[in-house]
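First the structure, in the form of structure tokens, and then the observations on it.
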Amino acid sequence: MNPTKLFRVLGWTVLAVLPVLAGGADDFAPFPTGENAALVKKTCTECHSANIVLSTQFDEALARRQYKLFVGDPDSEEGQKVIKYLTTVLGIK
């Protein structure tokens, strides 16, 4: 393989891998693993640090109230997903 073609292939490979290394859509750290963890991270950390969310234990009423206050309709499809995560993964134990 000639050097020009090799560098072109390597360049495209690096471009393809960078989003994964930088944390793509499935990057939910430091949130605990769970269905919709990445969505909760995206939604909640637009305004808060992750520590504020992670230090709270949510029951249904608190999760709904917080979602409505900061985001919008807790009965929306997204709202239901976020509330389910908050109450099951970060819920009162």
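The values are calculated or read from the model by the stated rules, or taken from the named source; none is laboratory data. For clarity, every value in this text was computed on a predicted model and none was experimentally measured. So basically every Cβ, Gly included, is an ideal-geometry build from the backbone, and we count neighbours across all protein chains shown.
Considering only segment 16-28, how many residues are loosely packed, with under 12 Cβ neighbours inside 10 Å and either assigned to a helix (DSSP H, G or I) or modelled with pLDDT of 60 or more (or both)?
Result for segment 16-28: 8.
Take the conditions free of Cβ contacts under 8 Å to residues at least 40 places away in the same chain, out of contact with any Lys or Arg (no Cβ under 6 Å at 6 or more places or on another chain) and among the hydroxyl-bearing types (Ser, Thr, Tyr) and apply them to Tyr85. Does it pass? Lay out the reasoning, then the answer.
On the way: free of Cβ contacts under 8 Å to residues at least 40 places away in the same chain: no; out of contact with any Lys or Arg (no Cβ under 6 Å at 6 or more places or on another chain): yes; among the hydroxyl-bearing types (Ser, Thr, Tyr): yes.
So Tyr85 fails the test.
Kindly establish whether Ala50 is over 21 Å from Pro30 (Cα atoms), of a type in the set (Gly, Ala, Ser) and free of Cβ contacts under 8 Å to residues at least 24 places away in the same chain. Give the derivation first.
Values: over 21 Å from Pro30 (Cα atoms): no; of a type in the set (Gly, Ala, Ser): yes; free of Cβ contacts under 8 Å to residues at least 24 places away in the same chain: yes.
Judged against the criteria, Ala50 is not a match.
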